[in-house]
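Participant: I am attaching a structure below and will ask some questions about it afterwards.
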Amino acid sequence: MSGWKLVYTAFDPQQEALREALCTVGNGYFATRGAAPESTANEVHYPGTYISGCYNRLQTDIAGKTIENEDLVNAPNWLSLTFRIEEGEWFDLRSVEILSYHQELDIKQAIMKRTLRIRDDEARETRIEQRRLVSIEQPHLAALETIIEAENWRGVIEVSSALDGRVTNDGVERYSSLNGKHLVPLLTESIDNHTLVLQVETSQSHVHIAEAATTRFWRGDELIEVTPELEQDEDYIAHHYRLDMEPKHPVQIEKIVALFTSRDNAISESGLEARKAVTDAGRFVALAARHMLAWKLLWQRFDFDIEHADPEAEEHTELILRLHILHLLQTISPHVMDLDVGVPARGLHGEAYRGHIFWDELFIFPILNLRMPEITRALLRYRYRRLGEARRAARAAGHRGAMYPWQSGSDGREESQRLHLNPRSGNWLPDNSRLQRHINAAIVYNIWQYYEVTRDLEFLSFYGAEMILEIARFWASITTWNDTRERYEILNVMGPDEYHDAYPDAGQSGLNNNAYTNVMVVWVLQRACELREVLPSQRFDELSQLLDLSRDELTHWDEISRNMCIPFHDDDIISQFEGYESLEEFDWQGYQHKYGDIHRLDRILESENKTPNRFKVSKQADVVMLFYLFSAEELSDLFARLGYAFQHDTIPRNVDYYMRRTSHGSTLSRVVHSWVLARGNRPESWPLFMQALESDVTDVQGGTTPEGIHTGAMAGTVDLIQRCFTGIETRGDVLWLNPSLPEELKSLTLNIRYRQHVLDLHVTTTCVRVSTHPSAELPMQIGIKAETYQLKPGEMREFQL
């Protein structure tokens, strides 16, 4: 690793799947894994191309049941390009001597590069250089440039350039027994000596996918005309070109590809559009120039600068943070503003979680809100378009309002699996994760945070408020009154922890009074009632009529928000759920000694015929999530509203209690714990930050990152820099700053947007400097510690800390 470049200097088959995920290139519309162009899916490589929002459902008979899963579809492989010399074996790195190898992902340019020298069994030495991109400037185009040079031989080379529709979804081993053949061939066609077309459709959702590819050969600026042989099947098509090679006379091969689907806007037919686009595309160098310019402009919005006490650590930290930003933007670029898509938890980088959308938005949207909130707005509309399905789900469950799913895909129905495989034991087990109703609170939180940063009253009025009110109605409908406690309760749910889905020996799934869920519901109901004051009265009246929302219902919501049950034990330890204190303590030392890696205790315990439901163990932050989402002041107000004490040491006592009982089985866990320690225990916060930062680059979970990056964890590490260390909060029409840099950092510089203002922030251990860009906007309010100040456009102010 160096600078802006993720670099590998040796071919390592054992690490190739991880590198393919980390070297993915994409543009928000589609992305392609960093697999070698000559490769096909095997024990080393897994080429994959994923189109945002392109899902398909298949059924499988397994464990005595028929289950249906919806997957983000692996689209036809456009990348396929390989060669052989004199009718020999097709190029395969495993069958030649590698003289030199250099692979890099240029993060600033979003271009993957590969340079290698090889010697075959005939002692012929060949140099290969490749660059690839998925255009951020033209979202339907991708390009591969290959330069082949014969160093010590002359003869005939055969180049195969193909479009391969034979691909399946087979990139996750634990899904291997599930049906993964999503594509039905429609057409293969050779248009001319340069151009191929492949069209397929998904078998259930009937999305048409069209790819058109041109392949041209150059020596210098001279175009080489070659008549190819055609290899054609119903789901595969290739041109085979034969060229004479001379030492030191390299051949440049440019493969330009256009990809369209029937989901696209403003098209007649996807195949026609692909043909037109690839014809007009031009050469690789021109595509690359426009692509790099677009990325330059994006980096001006999203980049940052840290000054670390150790220059090497500074370079390493900045590199991985920028890698995380790159992969987030390759998944949800500005192009999503015109798409009906959500944020897949594993990006467009692999097939884990089947490309579904979870609650990771909670960790991702804060970055976008302060950099390019228009993307957040578009992604929130993904939820709004599925409000009808959420209402349907609530009705089916006997509730009112809208109940969003834990896992969402094409149309917003619940996509959580009914069974999941424990790869350690080989057992198929019931999956109760759909009981994580807290996803609904996360959606409201995301809407409100977006509004706080942007004051986009139009969005709140016509999209956000309706979701908030319907989600509040859902929460009110699932609460029950406990006469003995004189408190409202929420029963039979799961919290974020995920290790606990039932009580030991219980005959049903679900837990009672999960503290995180209950507190979030109180907050949601408060925001729903607050809409009366925030929205224009005309719009609130309209919504009240459309939703049949009465004053009595709002009064009931307010009553629940003042009388919700929050369980405690050991005086002021917030119980993760009711009855948590009765669980057994876990033998952490014994299991660490026995197994070493105990991140996934749920799998270990099930393989021993035990269950984490018996123990005080957590996969990830649950109660601690409250301290991640809310400041101490906000929580103090919430608990006071409920009539519970919230002492000055409540947060550190609870953080310490649950830290000792958490396995960090989720990549999100260290993000959250680093955040909550940043204020009270900075020496422990930074190591957790660094562990979270390395989680995908080093594949800390031992095989999950090759199946797709973790977008929430990537975003969370960037947001630690952006909001946690700067102390940014957006409350009450004030941008609050309360910086607290880790001891390892000397300074932090970044650019953010607040409302319509663009600000440059420079934070050191002793001061914070805030500069606003000139504009026609009214002055803004900025808060430093407990004081507020007015800042005009074009003004710079410095505050001592």
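The values are calculated or read from the model by the stated rules, or taken from the named source; none is laboratory data. Here the structure is a predicted model, which means the values were calculated and not measured. Cβ coordinates were reconstructed from backbone atoms using ideal geometry, including for glycine residues, and neighbour counts include every protein chain displayed. Surface areas here come from the heavy atoms of the whole protein model, side chains and all, with no ligands, DNA or RNA. Shrake-Rupley method; radii C 1.70, N 1.55, O 1.52, S 1.80 Å.
Participant: Please report, in Å, the Rg and the Dmax of the range 683-801, where both are computed over Cα atoms only.
Facilitator: Cα radius of gyration and Dmax of the range 683-801 are 16.9, 52 Å respectively.
Participant: Same structure again: With everything on Cα atoms, drop me the angle between helix 515-534 and the longest principal axis of the chain, reported from 0 to 90° to the nearest 10.
Facilitator: Computed tilt is about 80 degrees.
Participant: Rounded to the nearest Å, what's the spacing between the alpha carbon centres of the range 340-383 and the range 580-617? Just the number, please.
Facilitator: For the range 340-383 versus the range 580-617, the Cα centre distance is 32 Å.
Participant: Further question: In whole Hz, with x marking every Gly and Pro, tabulate ³J(HN,Hα) for the range 640-646 from phi via Karplus 6.51 cos²θ - 1.76 cosθ + 1.60, θ = phi - 60°.
Facilitator: Listing the rounded values in order: 5, 4, 8, x, 9, 6, 9 Hz.
Participant: Here's something else I'd like to know. Please report the spacing between the Cα centers of the range 209-259 and the range 428-490 in Å, no decimals.
Facilitator: Comparing the Cα centres of the range 209-259 and the range 428-490, I get a distance of 54 Å.
Participant: I would also like to ask the following. Just to confirm, what accessible area per residue do you get for the range 1-116 at 1.4 Å probe, in whole Å²?
Facilitator: Each residue of the range 1-116 exposes 34 Å² on average to a 1.4 Å probe.
Participant: Angle, helix 373-385 long axis vs. longest principal axis of the chain, Cα atoms, 0 to 90°, nearest 10?
Facilitator: The helix 373-385 is inclined about 80 degrees to the chain.
Participant: Provide the net charge surrounding Glu151, with neighbours chosen by a C-beta distance below 14 Å and charges set as Lys +1, Arg +1, Asp -1, Glu -1.
Facilitator: With Lys, Arg at +1 and Asp, Glu at -1, the neighbours total -1.
Participant: Give me the percent of accessible area attributable to carbon and sulfur for the range 172-298, probe 1.4 angstrom.
Facilitator: 49 percent
Participant: What does the net charge come to around Glu559 if you take all other residues with beta carbon closer than 12 Å to its beta carbon, with K and R at +1 and D and E at -1?
Facilitator: Value of the local net charge: -1.
Participant: Obtain the nm distance between the two label points defined at Ser425 and Glu633 by a simple spin-label model: each point lies 7 Å from its Cα along the Cα-to-C-beta direction.
Facilitator: The answer from the label model is 4.9 nm.
Participant: Given a Förster radius of 22 Å and the C-beta distance between Tyr789 and Thr749 as r, what FRET efficiency does 1/(1 + (r/R0)^6) yield to the nearest 0.05?
Facilitator: That pair, Tyr789 with Thr749, gives E of 0.60.
Participant: A further question on this structure: Once the whole set of protein chains is in place, how much accessible area is left on Ser544, using a 1.4 Å probe, in Å² to the nearest 10?
Facilitator: Only protein atoms counted, so the area is about 20 Å².
Participant: Right, another one. Ordered by packing density, taken as the mean number of other Cβ atoms within 10 Å over each peptide's residues, highest first, how do 615-622, 729-736 rank?
Facilitator: Listed from highest to lowest mean packing, they are 615-622, 729-736.
Participant: Residue by residue, what Karplus-based ³J(HN,Hα) values in Hz, rounded to whole numbers, does the range 548-563 have, using 6.51, -1.76 and 1.60 with θ = phi - 60° and x for Gly and Pro?
Facilitator: 6, 9, 9, 4, 4, 5, 5, 4, 5, 4, 4, 5, 4, 5, 9, 9
Participant: For the range 407-452, give the percent of accessible area contributed by carbon and sulfur heavy atoms, probe 1.4 Å, rounded to a whole number.
Facilitator: 43 percent
Participant: If you place +1 on the Cβ of every Lys and Arg and -1 on the Cβ of every Asp and Glu, how big does the dipole about the Cα centre of the range 423-572 come out, in debye to the nearest 20?
Facilitator: 240 debye
Participant: Provide the FRET efficiency to the nearest 0.05 for the Ile224-Arg166 pair, computing r from the beta carbons and using R0 = 30 Å.
Facilitator: Given R0 = 30 Å and the Cβ-Cβ separation, E is 0.55.
Participant: Rounded to the nearest 0.05, what FRET efficiency do His762 and Val7 have when you use their Cβ-Cβ distance and R0 = 41 Å?
Facilitator: Efficiency, from the Cβ-Cβ distance: 0.85.
Participant: Got a sec to turn the phi values of the range 227-240 into Karplus ³J(HN,Hα) couplings, 6.51 cos²θ - 1.76 cosθ + 1.60 with θ = phi - 60°, whole Hz, x for Gly and Pro?
Facilitator: 8, x, 8, 9, 10, 9, 9, 5, 10, 7, 8, 9, 9, 10
Participant: Just to be sure I understand: of the beta bridges DSSP finds with both ends in the chain, what percent are antiparallel, rounded to 5?
Facilitator: Of those bridges, close to 95 percent are antiparallel.
Participant: Which one, Trp299, Ala274, Phe217, is farthest towards the positive end of the dipole of the range 211-306 when Lys and Arg carry +1 and Asp and Glu -1 on their Cβ?
Facilitator: After comparing all options, I get Trp299.
Participant: Turning to a different aspect of this structure: So for the chain, averaging the separation of alpha carbon pairs under 8 Å that are six or more residues apart and normalising by length, what relative contact order in percent results?
Facilitator: So the answer I get is 11 percent.
Participant: Give the relative contact order (percent, whole number) for the range 10-145; include only Cα pairs under 8 Å separated by 6+ residues.
Facilitator: Worked out over the range 10-145, it gives 20 percent.
Participant: Give me the 1.4 Å probe accessible area per residue for the range 223-316, excluding ligands and nucleic acids, in Å².
Facilitator: 51 Å²
Participant: Leaving out ligands and nucleic acids, and using a 1.4 Å probe, what accessible area per residue does the range 497-637 come to in Å²?
Facilitator: The answer is 43 Å² per residue.
Participant: Just to be sure I understand the model, the point goes 7 Å from the Cα along the line to the Cβ. What's the resulting Glu189 to Ser268 distance in nm?
Facilitator: The two pseudo-label positions are separated by 1.2 nm.
Participant: Continuing with this model, one more query. Quick one: check the C-alpha center-to-center distance for the range 522-553 versus the range 644-690, whole angstrom.
Facilitator: Value for the Cα centre distance between the two parts: 36 Å.
Participant: Within the range 653-801, what whole-number % of the accessible surface is contributed by carbon and sulfur, with the 1.4 Å probe and all protein chains included in the calculation?
Facilitator: Answer for the range 653-801 is 48 percent, counting heavy atoms of protein chains only.
Participant: With each run of n ≥ 4 DSSP H residues scored as -39500 (n - 2.57), what mean residue ellipticity at 222 nm is computed for the chain after dividing by its residue count and rounding to the nearest 500 deg cm²/dmol?
Facilitator: Roughly -9500 deg cm²/dmol at 222 nm, from the helical runs in the chain.
Participant: Which residue, chosen from His335, His308, Ile325, occupies the Cα position most advanced towards the positive end of the dipole of the range 256-335, where the dipole is computed from +1 (Lys, Arg) and -1 (Asp, Glu) charges on Cβ about the Cα centre?
Facilitator: His335
Participant: Going by average Cβ density within 10 Å per residue, which order do the peptides 30-39, 500-509 take, highest to lowest?
Facilitator: Packing order, densest peptide first, comes out as 30-39, 500-509.
Participant: Check cross-link reach from Lys276 to the lysines: straight Cα distance under 19 Å, and skip same-chain residues fewer than eight apart.
Facilitator: Reachable lysines: Lys255.
Participant: Compute the long axis of helix 537-546 from its Cα atoms, compare it with the longest principal axis of the Cα atoms of the chain, and write down the angle in degrees, 0 to 90, nearest 10.
Facilitator: Approximately 80 degrees, to the nearest ten.
Participant: Project the alpha carbons of the chain onto their principal axes and report the range along each, largest first, in whole Å.
Facilitator: For the chain, the Cα spread along each principal axis is 88, 68, 59 Å.
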